[in-house]
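Q: Quick one: this structure, given as structure tokens, is what I'll be asking you about.
The values are calculated or read from the model by the stated rules, or taken from the named source; none is laboratory data. These figures come from a predicted structure and were not determined experimentally. Glycine also receives a Cβ, built like all others from the backbone with ideal geometry; neighbour counts cover every protein chain displayed.
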């Protein structure tokens, strides 16, 4: 068999073009989904993701219109552009879904997350934890002789950075709400 022959099932990528194609790039997207606030809707939305093997990195849900019985589900997921488009199209076909917005591509959006972090430490580690909390504008919401509980809000990256700095200082537990997001402007 000649070296120029392509075997069946082999990749079509050239050895000279090793950069991933546009369709191979994984992107993180924040989706805002407005749904009827009724039993089973969240399960159907989550079922769409799990049934097709899509991952949910963050999920928040709350009723946003008491009179209209509407809830907003904010989902952060990752996939290729084609997968993200498929997710949005499939979400839009679920009957109790009113609206699907991809906040990542529709323009500027404000994204925030809340985290509670318990840090146990004594002496210099305790002082350093308080110093870093001040820099990150984290609030002390509980304090004992052995530990602090810090409350921190901001973008997920800020919370990740704070948690990494707290690990060597005695981070023992963390609870996160997930991303809440709104498009900016009118």
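Q: In region 1-37, which residue that is at pLDDT below 50 and closer than 28 Å to residue 88 by Cβ is surrounded by the fewest Cβ atoms within 10 Å (Cβ to Cβ)?
A: Selected residue: 12.
Q: Moving to a separate point now. Go through region 38-72 and report how many residues are in contact with a helix residue (DSSP H, G or I) (Cβ under 8 Å, 6 or more places away or on another chain), surrounded by fewer than 16 Cβ atoms within 10 Å (Cβ to Cβ) and closer than 23 Å to residue 114 by Cα.
A: The total comes to 2.
Q: Could you count how many residues in region 81-96 are within 15 Å of residue 42 (Cα to Cα) and out of contact with any strand residue (DSSP E or B) (no Cβ under 7 Å at 6 or more places or on another chain)?
A: Number satisfying all stated conditions: 4.
Q: Which ranges mark the helices (runs of 4 or more DSSP H) fully within region 73-186 that have 1 or more residues being touching a residue at least 12 places away in the same chain (Cβ under 8 Å) and loosely packed, with under 13 Cβ neighbours inside 10 Å? Show your work before the answer.
A: On the way: elements: 81-92, 124-136, 156-166.
Correct list: 81-92.
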